[in-house]
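Contents: one structure, followed by commentary.
Taken together, the values in this text are just the output of simple stated rules run on the coordinates, not laboratory data. Everything quoted here is computed from the prediction, not taken from an experiment. Cβ sites come from the backbone with ideal geometry, for glycine too, and all protein chains shown count toward neighbours.
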């Protein structure tokens, strides 16, 4: 191998090493430094703010409350396990005395833990978001393909888009109470109320972004569709959707972020199970630990919102032609 070849290979290696180092700094080092500065300022300034419940907790106090919530969850799971074990022993004893005896396993009705509330909120927000997406994407596609349909629904979108969840929730609650009447409901009314409220508030970004994405399909692709004489369904699935996916996912990401914010507010207002209710209950509790526990919930709400957004980016990278989206 010649000296010139070795020199070129060395220069190329150094070039890629510089690129990788720059990407590492941008994607890892700088975010860690930013978080570190935030935590330092939080720890320094928090004790200086004194409320009716005491000084604002710093990062260490908030982490201690998080550990307490973890221990409470573990204790509750131990109680639940013991509860079912006692029932199984009673039923086994009853069947031993009388094989024809009827047995029953009663559900555990202990207080939901912090992590139970997280699960409830995530399930509710995904239910409302998925329902909204199933409704909004077809509407957006049709609106993008037809100026008449767009002109018909645009006023409705502009009217209902800014309506607060606090305005929707009483209406939804009254309608669900009047129509969802059954002795054996599949879902609790509190879940239905929250999910429908989320749906009504997160429809609009997806409709708008989908319509914009469909109208932005290039003329060349539309001409190809005309030349090939593709039917409506094939035109939508082979030409329109692949081109509009980036804009559709932009709307979905916006809708999911709105859905998560709306749900927390709805749970606080209506006292439906979830993280919003946890925050409100701690506020009403007013103990010396309440502020720290509320701040744990705030951090967790933010982290879940971030993870939901990253999940949508990951899904977009799998179905979109634009693979660079995973790096954004």
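Odds and ends about this structure:
- Cα gyration tensor category, rounded, prolate or oblate, for segment 116-322 with a/c compared to 1.5: prolate
- Most mobile listed residue (291, 307, 263) in the chain, GNM with C-alpha springs under 10 Å: 307
- Whole-angstrom gap from segment 55-105 to segment 181-199, using each part's C-alpha centre: 26 Å
- Estimated inter-spin distance, residue 166 and residue 48, nm [label 7 Å along Cα→Cβ]: 3.1 nm
- Relative contact order [Cα under 8 Å, 6+ residues apart], segment 116-322, whole percent: 28 percent
- Distance between modelled label sites at residue 98 and residue 78, nm, 7 Å Cα→Cβ extension: 3.6 nm
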